[in-house]
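The structure under discussion appears below in the form of structure tokens.
The values are calculated or read from the model by the stated rules, or taken from the named source; none is laboratory data. Worth saying up front: this structure is predicted, and the values here are computed from it rather than measured. Quick reminder, even Gly has a Cβ in these numbers, built from the backbone with ideal geometry, and neighbours come from all protein chains shown. Heavy atoms of the whole protein, side chains included, go into the accessibility calculation; ligands, DNA and RNA do not. Shrake-Rupley method; radii C 1.70, N 1.55, O 1.52, S 1.80 Å.
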Amino acid sequence: MATAAVAESPEAFGQHVVEAGVGWQNTGASPTLGWDPAIQGSRKDLPVWAGWRYAGRSRVFYAPYARLRFTRFWSLGGAGHLVGVETGLLGLGVYLNDPLGDVAPEARKGRWGVTLEAHAASLEWGANATPNAPSSDEVPSPDAQRAEVERLVASGEVQSVELEQFYPFGGYTFLSFSVPLRLTAWNMVTPTLGVGLFLEINALGFEVPLDRTVDQLAYRYSVVVGPVFRFDRAERGTSSQSSDRSNP
């Protein structure tokens, strides 16, 4: 006589996440690690981006991502719009509540998920997409304006609040490195779709120009928030829990 017990269990497939974010970033926010092209002070950034990431269902999971970034910036050295591609391949995440891998597909609807993710290294390559914009009637010659700002800074006469900052910065390419920390919360509106929000903080970032020589890296920090849409897989597998065989 033979008896066997078989129970179904969720398989640990990952999920695809589509997200968008908007926030605030300060580049060169240190007296010793400033953004040299700003001439004096830091560069003010308004980043907007859309991207993809992959997340698992186990308690600890691998969390790579890729995103397209658009950043409006301004400084005493000029303004522009940076377009860049950012990738994070060295990221890990952890579920702060029950992982999705522990929840059957038919029981996921209405459940909340919360994850915390950290990346050891995220890289972005980008360039100024509008080297000749924005235009300003107050600055007929951007190069002459920068030369005047440099003279004022050297003489100690500069007052940044009184000087025009929205004029063409010119060409610029760069590479940046960051260590973002991210908190995400979402609700499963269907067994396969989760909708929620994230908060991403980067307190340790650096940027280096690729088209000019500078004395040091520029330190930067940022805070970004936005919506997330998580597309999950609903497969359910089987695994043998126990088996007992005996002969009459």
The range 176-226: equivalent-ellipsoid semi-axes (sqrt of 5 x gyration tensor eigenvalues, Cα, Å)
35, 11, 7
Where only protein heavy atoms count, and the probe is 1.4 Å, what is the accessible area per residue for the range 23-77 in Å²?
38
What trypsin sites (Lys or Arg not before Pro) in the range 89-127 are in a loop by DSSP, with at most 12 other Cβ atoms within 10 Å of the Cβ?
none
Normalise the Cα radius of gyration of the chain by 2.2 N^0.38 Å (N = residues in it) and let me know the number.
1.39
Tell me the Rg and the Dmax, in Å, that the Cα atoms of the range 152-236 produce.
21.0, 71
For q = 0.26 Å⁻¹, Debye-computed log10 I/I(0) when each Cα of the range 29-109 counts as one equal scatterer
-1.12
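Using per-residue counts of other Cβ atoms within 10 Å, averaged over each peptide, order 168-175, 37-44, 119-126 from highest down.
Top to bottom by mean Cβ count within 10 Å: 37-44, 168-175, 119-126.
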For the range 103-226: accessible area per residue (Å², 1.4 Å):
51
Helix 142-155 sits at what angle to the longest principal axis of the chain, using alpha carbons and giving 0 to 90 degrees rounded to 10?
80
Sequence of Val114, Val139 when ordered by accessible area, the most exposed leading, probe 1.4 angstrom
Val114, Val139
Leaving out ligands, DNA and RNA, what percent of the accessible area of the chain is carbon and sulfur, probe 1.4 Å?
62
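Any idea what the relative contact order of the chain is, in percent, if you count C-alpha pairs under 8 Å spaced at least 6 apart?
Computed value for the chain: 27 percent relative contact order.
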GNM, the chain, Cα, under 10 Å: largest mean-square fluctuation among Gly84, Gly28, Gly156?
Gly156
Rg [Å, one decimal], Dmax [Å, integer] - the range 112-157, C-alpha atoms:
20.4, 58
